[in-house]
Amino acid sequence: MSAALELKDVTKIFGSVKAVNKLNLTIEQGECFSFLGPSGCGKTTTLRMIAGFENLDEGELYSGGKLFSSSYKHYYLPPEKRDFGMVFQAFAVWPHMTVYDNVAFPLKIKKLPKNEIAERTEMALKATSLTKEAEMFPQKLSGGQQQRIALARAVAINPKVMLLDEPLSNLDPHLREEMRFEIKALQDKFGFTVIYVTHDQAEAMALSDRMLVMKEGVVQQVGGPLDIYNDPANKFVFSFIGLSDFIPVKVKNGQIFVDGGEECGPVNGDIPKNLDPSIEYDIACRPSEIDFAPDGVRAQVVRRTYLGDIVDYLLKIGNVELRVQKPRRHSTAQLGETCHLRFNRLLWYDRKEETASKT
Amino acid sequence: MSKAVKVQKKFGMAEVALIFSIAILVVVVAVPVIMIFLTAFFKDGHFNLAGVVEVLKQKDTYLALKNSLIIAFGVTLFSTIIGVFFAWLLARTDIPCKKALNAMFMVPFMLPSFICAMAWKVLLSPRSGYINKMLMAMFHLDSAPIDIMTMGGIIAIETMYLFPFVFLQVSGALERMDPTLEESARISGASLWTITRKITLPLVMPSIVAGALLVCLYSLAHFGVPSILGVEKGIYNIPTKIYERIYASGGSYEAIRVGTILATILVICATLILKLQNVVLKKGRFQIIAGKSMRPVVLKLRGMRWPLFIICVVYLLLTVVMPTVTIFLIGGLKTYGLSFLPKNMTFANYAEVFQMKMTRSAIWNSVYLSTLTAFVTMLAGVMISYVIVKMKVKGKFILEFLGVLPYSLPGTVIALGCILTWSGKFGINLYNTAGIIFVAYIARYMAFSIKSNSAALEQVSDSLEEASRSCGATHWQTLTHIVVPLIRPGMINAFFLIFLPALRELTTSVLLYGPTTRTIGVAIYALNEDGETVRAAALAGIALIIIFIGETFIKGLLARLDKTKRSA
Ligand SMILES: Nc1ncnc2c1ncn2[C@@H]1O[C@H](COP(=O)(O)OP(=O)(O)O)[C@@H](O)[C@H]1O
Ligand SMILES: [Mg+2]
């Protein structure tokens with residue numbers, strides 16, 4: 001079977017901004033694929049090109065082996081002919097139609113027989129637990145319910161590909177988590193391919209089979225959530241995908257010292273063989289992968305915060321700050337105390353490379 | 001101590017403001033309306049419904065009512081079609097030069113419709129219209145092909161200058177609408193045509209209806225166009241009939257009584273229209289405003305792109321440029337009826353406008369009356385809306401009731417009310433003075449002021465005032481340092497919403513002017529009636545220039561001043 005979507009050199013330029021730059025990507029049938037990146041990196045633009053709302057400045061787009069968009073041939077299949085479902089951040093449910101009419105609208109457009117329209121609308125409403133609200137007008141309903149209408153409407157036509165643009169960003173945090181599972185359940189039930197745009201890495205990790213991390217229109221990495229978490233391609237991906245510590249270091253006599261905290265002793269860990277002596281390095285680590293230990297580099301506890309079951313520490317090695325998070329039962333260090341740290345896994349990055357928070 | 005505080009509270013600023021606000025509205029608006037109803041329904045102290053029926057049975061009053069309704073209906077219908085079409089064209093298609101077109105479609109709003117009606121009469125009157133004569137010569141016709149002095153002509157001309165009400169409402173709604181509402185229909189498989197019918201139009205329907213009802217309200221009580229195009233041919237609507245009756249009888253009581261009966265009908269129609277508008281707006285106000293601004297998908301017109309653009313340009317040339325140019329050309333003719341050849345043209349008429357006592361005083365009257373009215377009404381509006389929107393005070397409902405009253409009062413009604421109220425009945429006689437025009441203008445434009453200022457005040461969250469009070473500022477200090485600076489754009493807006501229409505007012509002034517208190521509108525109208533077409537056109541030309549300067553130059557300058565003050 002051919003891929004659900006294939007993007008070749010897809011590029012979009014707005015004035016002087018390259019919103020999407022030479023994007024190459026293949027998404028398989030039935031996959032749940034996320035676009036992850038900070039706001040303004042080009043996720044929506046990519047999705048809108050896939051949907052057919054934007055033309056391509058360069059590149060081609062295939063779906064199921066069929067050409068959908070091509071800048072070379074100036075060919076664009078209009079959005080209404082692509083048979084995709086789409087859900088927007090601002091819900092975009094039609095306030096002048098009842099819930100039922102909203103969901104039935106795409107089926108009526110397709111001129112399906114009456115009984116089939118009724119059947120499929122009711123099924124979509126049932127799948128999104130909206131049967132009771134069918135005759136109500138959307139403005140009377142909560143944000144979560146409105147987004148369910150949008151989902152039901154997109155599901156009703158039985159699309160091959162479902163495009164979701166930050167569908168949960170306008171919802172309360174607790175509802176957001178619940179809806180994630182509902183989207184996943186809908187996918188299992190109907191078997192469509194999902195393309196999920198988000199700037200929330202937890203959401204992307206929880207939902208996707210594979211994902212892509214973008215920065216300023218350029219793909220940084222494509223892979224499974226765990227691969228990306230464990231093997232980030234660069235400093236940007238590392239910092240964007242989870243909590244991160246970057247510690248400036250110097251190598252002296254085969255040992256690693258914190259730059260600005262040499263008096264605290266060496267940091268444990270291996271030094272990669274191919275380090276360039278002319279470059280200054282940061283070591284990178286997740287706050288959860290640093291342990292308190294009887295020996296190791298010395299640090300001072302500056303702040304201690306309880307976050308439910310885990311404790312978040314702000315530590316200082318010399319004058320360099322870092323965060324450590326430990327489960328409560330392993331948390332022995334007290335405020336103001338000096339402790340020793342062991343690093344479980346170190347990654348080395350050029351100090352000048354950008355992190356996500358700086359962009 | 002506690003007692004003293006209580007007493008002080010009872011007569012605090014809120015109560016004083018409330019009483020003062022109510023007093024203004026009662027004197028300026030309520031009393032004149034009550035006088036109209038009393039005059040209409042009571043004769044010699046007795047309730048007299050038979051007299052009302054008798055007046056309505058007279059053929060000419062009955063016809064005037066019918067004409068008013070037909071004209072209002074026709075104008076509303078065509079204005080809605082044209083307004084929605086152009087708004088959609090500019091907001092949802094890839095028509096070229098959108099910005100320029102958008103600005104140009106606002107111009108018909110600035111043009112006083114009775115001045116344009118004069119121009120159209122010059123061009124298309126059946127006997128001597130320039131275009132008619134030209135067409136007759138070109139095609140060897142025996143009679144004029146187009147007669148503008150008919151019901152159809154009146155409807156056409158009013159439509160040309162009233163459709164911006166609809167255009168503005170609809171293009172505003174289309175611009176604010178969340179584009180994903182349309183995109184989600186598109187991805188559902190709907191074509192652009194289906195989306196327009198099933199999604200876009202239904203969602204902006206409340207705005208369409210709101211604009212249409214505004215047009216209807218305005219046209220129903222409009223004096224200028226029917227008086228210039230209709231009266232000569234015996235076509236009257238209610239305002240022109242009232243004028244004719246009063247004018248013909250030299251202001252006799254009986255004529256005024258007939259006027260009040262017709263005026264009562266206008267008030268009833270206007271009230272119904274406003275009720276309808278409220279119902280529509282309340283029921284159909286959809287939350288369609290976008291969270292993020294993004295361009296909506298536009299319909300690609302392809303082959304129709306330039307033809308439609310040309311239609312827009314031709315429409316604007318016909319309705320804006322041609323009448324304006326005509327006015328200036330006529331104003332430059334040595335004698336009316338000559339052709340527009342250089343040898344027949346002169347600047348003398350324009351110079352004369354500033355030399356003739358009558359025209360000079362008309363310009364002066366209009367300028368100072370508009371400025372004064374705009375200023376006073378704006379300030380009164382600030383106080384009244386502040387009490388309505390912000391204050392918690394007993395008896396506010398009286399003010400809320402009185403506050404909506406000005407909306408349903410057409411200009412003719414206000415003029416009649418003012419004649420009845422300010423002609424010495426209550427010890428003050430302003431008849432034939434500028435004073436009566438001044439109080440009538442205040443009544444007429446109070447609605448604009450309250451609307452603009454209330455809208456601005458509703459934007460100011462209560463917490464801003466509370467924050468100021470908690471910093472130790474008094475109520476008065478809070479008002480002057482926090483509230484007034486925040487609503488200043490609303491106040492400036494109110495000023496111009498009053499100043500500019502007042503400058504060219506005709507409907508009210510024509511019933512109230514005295515020998516020395518003609519306004520620009522009245523002077524143009526009177527000159528035109530006396531057959532002094534050339535002089536009327538010259539004065540109209542000067543008026544257009546004054547209005548244009550007011551609309552663009554002063555407004556822009558003040559807006560900029562305000563902005564720099566804010567950013568500084
Ligand atoms: N219609 C447009 N016109 C001009 N610039 C745009 C337009 N749409 C998006 N952009 C720009 O393209 C970049 C990517 O935007 P977008 O795809 O919306 O980002 P994301 O969805 O990842 O937040 C941004 O710099 C944005 O300002
Ligand atoms: Mg986005």
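Residue-wise test of (1) open to solvent by 10 Å² or more (accessible area, probe 1.4 Å); (2) at the interface with another protein chain (Cβ under 10 Å from one of its Cβ atoms); (3) under 27 Å from B:LEU69 (Cα atoms); (4) part of a helix (DSSP H, G or I).
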{"residue": "B:GLY172", "(1), (2), (3), (4)": "yes, no, no, yes"}
{"residue": "B:GLU182", "(1), (2), (3), (4)": "yes, yes, no, yes"}
{"residue": "B:THR194", "(1), (2), (3), (4)": "yes, yes, no, yes"}
{"residue": "B:ILE199", "(1), (2), (3), (4)": "no, yes, no, yes"}
{"residue": "B:LEU203", "(1), (2), (3), (4)": "no, yes, no, yes"}
{"residue": "B:TYR236", "(1), (2), (3), (4)": "yes, no, yes, no"}
{"residue": "B:ILE242", "(1), (2), (3), (4)": "no, no, yes, yes"}
{"residue": "B:ARG245", "(1), (2), (3), (4)": "yes, no, yes, yes"}
{"residue": "B:GLU254", "(1), (2), (3), (4)": "yes, no, yes, yes"}
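Only one entry of B:GLY424, B:GLY411 meets the criterion of being of a type outside the set (Phe, Trp, Tyr) and under 22 Å from the mean Cα position of the chain (by Cα), and that entry is B:GLY411. No other residue among B:THR478, B:THR564, B:THR516, B:THR474 is over 21 Å from the mean Cα position of the chain (by Cα), modelled with pLDDT under 90 and within 17 Å of B:MET356 (Cα to Cα) apart from B:THR516. Of the residues A:VAL194, A:VAL237, the single one that is in contact (Cβ under 8 Å) with a residue 12 or more places away in the chain, away from chain B (no Cβ under 14 Å) and more than 16 Å from ligand 1 (Cβ to nearest atom) is A:VAL194. Of everything in region A:245-273, what is touching a helix residue (DSSP H, G or I) at 6+ places or on another chain (Cβ under 7 Å) and surrounded by fewer than 22 Cβ atoms within 10 Å (Cβ to Cβ)? Give them in sequence order. The one that is touching a helix residue (DSSP H, G or I) at 6+ places or on another chain (Cβ under 7 Å) and surrounded by fewer than 22 Cβ atoms within 10 Å (Cβ to Cβ): A:ASP245. Scanning region B:367-384 for residues that are surrounded by 13 or more Cβ atoms within 10 Å (Cβ to Cβ) and either more than 19 Å from the chain's Cα centre (by Cα) or more than 29 Å from B:VAL484 (Cβ to Cβ) (or both) yields B:LEU379, B:ALA380, B:VAL382, B:MET383, B:ILE384. Among residues of region B:331-355 that are surrounded by 16 or more Cβ atoms within 10 Å (Cβ to Cβ), those with a beta-carbon under 6 Å from a residue that is part of a strand (DSSP E or B) at least six positions away or on a different chain give the pairs B:GLY332/B:MET345.
Counting just the residues of region A:50-92 that are charged (D, E, K, R) and within 9 Å of B:ILE187 (Cα to Cα), which one comes out most open to solvent (accessible area, probe 1.4 Å)? The qualifying residue most open to solvent (accessible area, probe 1.4 Å) is A:LYS81.
Here A:GLU28 meets the list (1) more than 19 Å from the chain's Cα centre (by Cα); (2) away from ligand 2 (no atom under 16 Å from the Cβ); (3) open to solvent by 60 Å² or more (accessible area, probe 1.4 Å) almost entirely, failing just condition (1). Flag: A:PRO95 matches the condition of being facing another protein chain (nearest Cβ under 10 Å) and modelled with pLDDT under 90. In region B:282-308, which residue that is away from chain A (no Cβ under 14 Å) and surrounded by 11 or more Cβ atoms within 10 Å (Cβ to Cβ) is modelled with the lowest pLDDT? So, considering only residues that are away from chain A (no Cβ under 14 Å) and surrounded by 11 or more Cβ atoms within 10 Å (Cβ to Cβ), the one modelled with the lowest pLDDT is B:LEU301.
Scanning region B:504-526 for residues that are within 13 Å of B:LEU539 (Cα to Cα), in contact (Cβ under 8 Å) with a residue 24 or more places away in the chain and assigned to a helix (DSSP H, G or I) returns B:ILE520, B:GLY521, B:VAL522, B:ALA523, B:ILE524, B:TYR525. Does B:PRO226 satisfy the condition of being open to solvent by less than 30 Å² (accessible area, probe 1.4 Å) and modelled with pLDDT under 90? So B:PRO226 does not fit the description; no. Exactly one residue out of A:MET136, A:MET179 is open to solvent by 30 Å² or more (accessible area, probe 1.4 Å), under 26 Å from A:MET97 (Cβ atoms) and away from chain B (no Cβ under 14 Å), and it is A:MET136.
Of the strands (runs of 3 or more DSSP E) lying entirely inside region A:209-305, the ones with 2 or more residues being more than 26 Å from A:LEU25 (Cβ to Cβ) are found at A:245-252, A:255-258, A:281-285, A:290-293. A:ASP165 - would you say it is at positive phi, touching a residue at least 60 places away in the same chain (Cβ under 8 Å) and not polar (S, T, N, Q)? It is false that A:ASP165 is at positive phi, touching a residue at least 60 places away in the same chain (Cβ under 8 Å) and not polar (S, T, N, Q). The set of residues in region A:113-133 being of a type in the set (S, T, N, Q) and either open to solvent by less than 10 Å² (accessible area, probe 1.4 Å) or within 11 Å of A:PHE91 (Cα to Cα) (or both) consists of A:THR121, A:THR128. Just one residue in the set B:ASN429, B:ASN349, B:ASN365 is more than 30 Å from B:LEU457 (Cβ to Cβ) and touching a strand residue (DSSP E or B) at 6+ places or on another chain (Cβ under 7 Å); that residue is B:ASN429.
Applying the criterion of being in a loop (DSSP other than H, G, I, E, B) and in contact (Cβ under 8 Å) with a residue 40 or more places away in the chain to the residues of region B:111-146, the residue that is surrounded by the fewest Cβ atoms within 10 Å (Cβ to Cβ) is B:SER128. Would you check if there is a residue in region A:24-37 being in contact with a helix residue (DSSP H, G or I) (Cβ under 9 Å, 6 or more places away or on another chain), within 16 Å of ligand 1 (Cβ to nearest atom) and within 14 Å of chain B (Cβ to nearest Cβ)? Taking every residue of region A:24-37 in turn, none turns out to be in contact with a helix residue (DSSP H, G or I) (Cβ under 9 Å, 6 or more places away or on another chain), within 16 Å of ligand 1 (Cβ to nearest atom) and within 14 Å of chain B (Cβ to nearest Cβ). The residues on offer are A:SER169, A:SER142, and the sole one that is open to solvent by 20 Å² or more (accessible area, probe 1.4 Å), within 16 Å of ligand 2 (Cβ to nearest atom) and within 14 Å of another protein chain (Cβ to nearest Cβ) is A:SER169.
Within 14 Å of another protein chain (Cβ to nearest Cβ), buried (at least 17 other Cβ atoms within 10 Å of the Cβ) and either within 16 Å of ligand 2 (Cβ to nearest atom) or under 22 Å from the mean Cα position of the chain (by Cα) (or both): is that true of A:ALA19 in this structure? Against the criterion (within 14 Å of another protein chain (Cβ to nearest Cβ), buried (at least 17 other Cβ atoms within 10 Å of the Cβ) and either within 16 Å of ligand 2 (Cβ to nearest atom) or under 22 Å from the mean Cα position of the chain (by Cα) (or both)), A:ALA19 qualifies.
Here A:MET211 fits the description: open to solvent by less than 30 Å² (accessible area, probe 1.4 Å), touching a helix residue (DSSP H, G or I) at 6+ places or on another chain (Cβ under 7 Å) and closer than 28 Å to A:GLY85 by Cβ.
Among the residues of region A:172-196, those identified as basic (Lys, Arg) and either touching an Asp or Glu at 6+ places or on another chain (Cβ under 9 Å) or within 16 Å of ligand 2 (Cβ to nearest atom) (or both) are A:ARG176, A:ARG180. Only residues that are open to solvent by less than 30 Å² (accessible area, probe 1.4 Å) and over 15 Å from A:ASN24 (Cα atoms) were counted across region A:39-49, and they come to 2. Residues in region A:39-79 that are small (Gly, Ala, Ser) and within 16 Å of ligand 2 (Cβ to nearest atom) were compared, and the one that is nearest to the other protein chains (Cβ to nearest Cβ) is A:ALA51.
Candidates B:ILE34, B:ILE82: the one that is open to solvent by 20 Å² or more (accessible area, probe 1.4 Å) and free of Cβ contacts under 8 Å to residues at least 40 places away in the same chain is B:ILE34.
The values are calculated or read from the model by the stated rules, or taken from the named source; none is laboratory data. Given the structure is predicted, the values throughout are model-derived calculations rather than measurements. Positions of Cβ are generated from backbone atoms using ideal geometry, with glycine treated the same way; all protein chains shown enter the neighbour counts. The area values use the complete protein model at the heavy-atom level, side chains included, leaving out ligands, DNA and RNA. Shrake-Rupley method; radii C 1.70, N 1.55, O 1.52, S 1.80 Å.
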